[in-house]
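Where a number appears in this text, it was derived from the coordinates with a stated rule and is not lab data. These numbers come from a predicted model, not from an experiment. Cβ placement follows ideal geometry from the backbone for every residue including glycine, while neighbour counts extend to all protein chains displayed.
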Amino acid sequence: MAPSVLMGIITPVGKLERRALLRSVYRASSHPNVTVRFVIGRPKNEDEAILVALEKAAYNDIMELAIDENMDEGKTYHYFQHVARNEPRYDYVMKTDDDVFVNVTNLERSLRPLPREFLYYGYRAGPEEWLGWMSGMGYVLSWDSVAWLVDYQPKTIVGHEDLLMGVWLDEGGRRKNLVRDECLFYQQPNRKGESKMHGYIDETIVVHGIKDDLDWKEALRFFFGSLPAGGKQGPSVPQRSWFS
């Protein structure tokens, strides 16, 4: 049976333009077994609250956590807990970021042969002398580990959240099926200072570090080949750029 996947994109409340871009991308490349949600904290003021309410009503793809917006103060931990408590059961749950492109078809295909228990899947980071952790560009947990996090009480949830996830799973004995796929989870080709890097390939699962207009346009032209080649005929975007 084909797996069901929830893909949560961690993004700040205020990045409406980036969500608009990614929403279009994932509607253009949707997969029936992959559900995409944007994971935000609480709006910090009335203006943000109004805009988030409109997004929710229009698209029904916002997952608002009952926490203040933050990075490295537990947002990822609360995301997985929220999913286990409030979402229907999925075979796999993914965490990714808003500077990432995920090929959802390849993601679903890659998960088909993998274990559905104790799975920790992605791009391994950290020193070789330790098993390390999966990079926050995008990693997948099987549902049993997501549910386990509901009752798990870590010593801290503050700090490098992706590293902490590796520590928690290690402490809980939940790294039995650690699967690395570092050729297909990679940094975008123009990112400086990255040693593990190559050009875009059709087999891509995750590309990380797509931050500015030029890099997003290059990536989208590769994965959606019908886009114009550039210049004045480039992709049509709102006056306020999607890519900011």
Filter result (surrounded by fewer than 22 Cβ atoms within 10 Å (Cβ to Cβ) and aromatic (Phe, Trp, Tyr)) within the range 136-167: 143, 148, 152
Among the hydroxyl-bearing types (Ser, Thr, Tyr) and closer than 24 Å to residue 15 by Cβ, is that true of residue 204? yes
Out of all the residues in the range 47-74, which are in a loop (DSSP other than H, G, I, E, B) and not hydrophobic (A, V, I, L, M, F, W, C)? 60, 61, 69, 70, 72, 73, 74
Report, by residue number, each residue of the range 93-130 that is hydrophobic (A, V, I, L, M, F, W, C), farther than 21 Å from residue 11 by Cα and part of a strand (DSSP E or B). 119, 125
In the range 147-174, what residues are outside any loop (DSSP other than H, G, I, E, B), in contact with a helix residue (DSSP H, G or I) (Cβ under 9 Å, 6 or more places away or on another chain) and among the small types (Gly, Ala, Ser)? 147
What number goes with the only condition from (1) touching a strand residue (DSSP E or B) at 6+ places or on another chain (Cβ under 9 Å); (2) surrounded by fewer than 17 Cβ atoms within 10 Å (Cβ to Cβ); (3) β-branched (Val, Ile, Thr) that residue 50 does not pass? (1)
With the checklist (1) of a type in the set (D, E, K, R); (2) within 21 Å of residue 162 (Cβ to Cβ); (3) in contact with a His (Cβ under 8 Å, 6 or more places away or on another chain) in hand, flag the one item residue 108 doesn't pass. (2)
